[in-house]
Amino acid sequence: MERGDSWRMFRILSEFVEGFDTMSGLSMPAVTIYGSARTPETSPEYITARELAKKLATLGYPIITGGGPGIMEAANRGAADVGGLSIGLNIDLPHEQESNPYVNLPLDFRYFFVRKVMFMKYSMAFICMPGGFGSLDELFESLTLIQTHKIKPFPIILFGSSFWGGLIDWIREQLLSGGRISEDDLLLFDVMDDVDEVVRYIRKTLVI
């Protein structure tokens, strides 16, 4: 092992320790909301994410995001609007991103895989707003871990049938029909279009 690799191990360990020490203080189940960092403030998706986070935070659920702009900012902003716990797990990237100003519990990570562990360990539900490669990565990582019984099942909600519908059709036509997944795997997520429906579902599933 090269000397640089040895020091890298210590940095990775320090990120895990800081993350565990900070997040272990959560006394209530947290909800993660993620989606595109490129969503503008005027977008209906931004407005919806903010409203959704506000309603969940009012009920006492901490809100976790990736800490950046776009949908992440909207969710953190919604939680901050009502004085809720607004957590941002920010990733250090060369051209983006700085933590948004609505995070009141920030954590910064250099390594994606450490950050992913924090999402998986301390989130009791995922709400997936429209996003890009990063959002898809987080979605399929969570589905894979649940499918393979590496983590306990938890609610995964795909918000916006018009956005997610094409992907779901592809999953049915290519993965399910080809025997690459089972019919039960389609039960690992739900598709919803109404904020209040999501809130009722989360409230029913995650009892504080």
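Assuming a strict under-17 Å limit between Cα atoms, what lysine pair count do you get for the chain once near-sequence pairs (fewer than 8 apart, same chain) are dropped? List each step's numbers first, then the result.
Numbers: LYS55/LYS204; LYS116/LYS150; LYS116/LYS152; LYS121/LYS150; LYS121/LYS152.
Lysine pairs, 8 or more places apart or on different chains, close enough: 5.
Sorting VAL103, VAL191, VAL114 on the 10 Å Cβ count, fewest up front, what's the list?
VAL191, VAL114, VAL103
So for the pair LYS204, THR42, with labels modelled 7 Å out along Cα→Cβ, what separation do we get in nm?
3.8 nm
Compare the peptides 52-60, 138-146 by average per-residue count of other Cβ atoms within 10 angstrom and give them in order, highest first.
Working: 52-60: 20.9, 138-146: 16.9.
Put in order of decreasing packing, that is 52-60, 138-146.
What percent does the relative contact order of the range 85-161 come to when contacts are Cα pairs within less than 8 Å and at least six residues apart?
Averaging sequence separation for qualifying contacts and normalising by length gives 26 percent for the range 85-161.
If R0 is 30 Å, what FRET efficiency do you get for TRP170 and PHE112 from their C-beta distance, rounded to 0.05?
Calculated transfer efficiency: 0.75.
In whole percent, what relative contact order does the chain give with Cα contacts below 8 Å and a gap of six or more residues?
Once normalised by length, the contact order is 19 percent.
I need the GluC sites (Glu not before Pro) found in the range 1-64, filtered to DSSP loop residues with at most 13 other beta carbons within 10 Å of theirs. Please list the in-between numbers first.
Working: sites: GLU2, GLU15, GLU18, GLU41, GLU45, GLU51; in loops: GLU2, GLU41.
Taking the range 1-64 and a limit of 13 other Cβ atoms within 10 Å, the loop GluC sites (Glu not before Pro) found are GLU2, GLU41.
Just from the alpha-carbon atoms, what are the Rg and Dmax of the chain in angstroms?
Values for the chain (Cα only, Rg and Dmax): 17.1, 53 Å.
All of the numbers you see were taken from the coordinates with simple rules; none came from a lab. In this text the structure is predicted, and so the values were computed from the model without any measurement. As a convention, Cβ positions derive from the backbone with ideal geometry for all residues, glycine included, and neighbour counts pool all protein chains shown.
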